Amino acid sequence: MDIARGALEEGRNGRRSAINTTLFAVAAVAAVGALVVAVYVAAHPFIPEDAVIERDVQSTNWGPVALTFPIFSWIGDAKGALFEAIIFVAVLIFNRRAWLIAAGCAATGVWYEVLSHLIIRVRPTTAQVLQVTEHPGASSFPSGHTMFIVTVTAVLMLCFGQRFLPTWGRVTGWTLAALIVVASSLDRIYTGAHWPSDVLAGILIAVAWISFWVSLRWVRQGSASAQHQD
């Protein structure tokens, strides 16, 4: 939470570093993690540990959290693109100078398209896990749903939360965003739509790209100025 706030305030205060080093470091660590997972998955399409974790998740009673699973399953594909478009329009209306952050973060979709065509991975089957209740057609790697949820929650907080919420509200907002990502990740595994490593890669890729994008001074300055000049 403080990292995101600091990145935006750095732009507002006019510091001259071209890159926010903290956010860039987060991006670098996440990118290396994503690369390691991608290389390993490409060499080992079936990972026994994936199946063990998936069966454990599927055999767990998640209580009220499970009530959110159908929402995350439903919001993918074209509905997700429509939701992103609605958020972008809202950014243009209520915090128009932050459009660059929203537009750049949405490029996680490009990373998904590239990687899902480079690494073709078969999705879980009922012979490997306890259940498969969702049957997407594309490659299992990485989890596009997870990348979408990370992107949407980050954009909402960066473009709206950082401007309109008080300090305690920003902390609460980022905490809620993290919980939403966790619930979404559990859904992708629980339904048998993805392997856990697909979900982990989705999170790492989205975090890497968004952190890198917001680390750029010319991007964060625009959003920071929007907080005071709109």
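Here are the numbers for the structure shown:
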read-out	value
For the chain, radius of gyration divided by Kirkwood radius, i.e. Rg to Rh on alpha-carbons	0.99
log10 of Debye I(q)/I(0), alpha-carbon scatterers only, for the stretch 51-112 at 0.17 Å⁻¹	-0.77
Accessible area (Å², 1.4 Å probe, nearest 10) - W62	80 Å²
Dipole-positive endmost among N61, A43, L23 within the stretch 10-103 (Cβ charges, Cα centre)	L23
Sequence of E84, E134, E54 when ordered by accessible area, the most exposed leading, probe 1.4 angstrom	E84, E134, E54
Degrees separating the helix 2-12 axis from the principal Cα axis of the chain, which is the longest one	40 degrees
Degrees, to the nearest 10: 21-43 long Cα axis against longest axis of the chain	20 degrees
Exposure ranking of I120, I189 by accessible area [1.4 Å probe, largest first]	I120, I189
Relative contact order %, the chain, counting alpha carbon pairs below 8 Å whose residues are six or more apart	42 percent
For the stretch 124-223, alpha-carbon Rg over 2.2 N^0.38 Å	1.26
Dipole moment magnitude, nearest 20 debye, the chain about Cα centre, only Lys, Arg, Asp, Glu C-beta charged	840 debye
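The values are calculated or read from the model by the stated rules, or taken from the named source; none is laboratory data. Note that this is a predicted model, so its numbers are computed, not measured. Virtual Cβ from ideal backbone geometry, glycine too; neighbours counted across all protein chains shown. Just the protein is used for accessible areas: all its heavy atoms, side chains included, with ligands, DNA and RNA removed. Shrake-Rupley method; radii C 1.70, N 1.55, O 1.52, S 1.80 Å.
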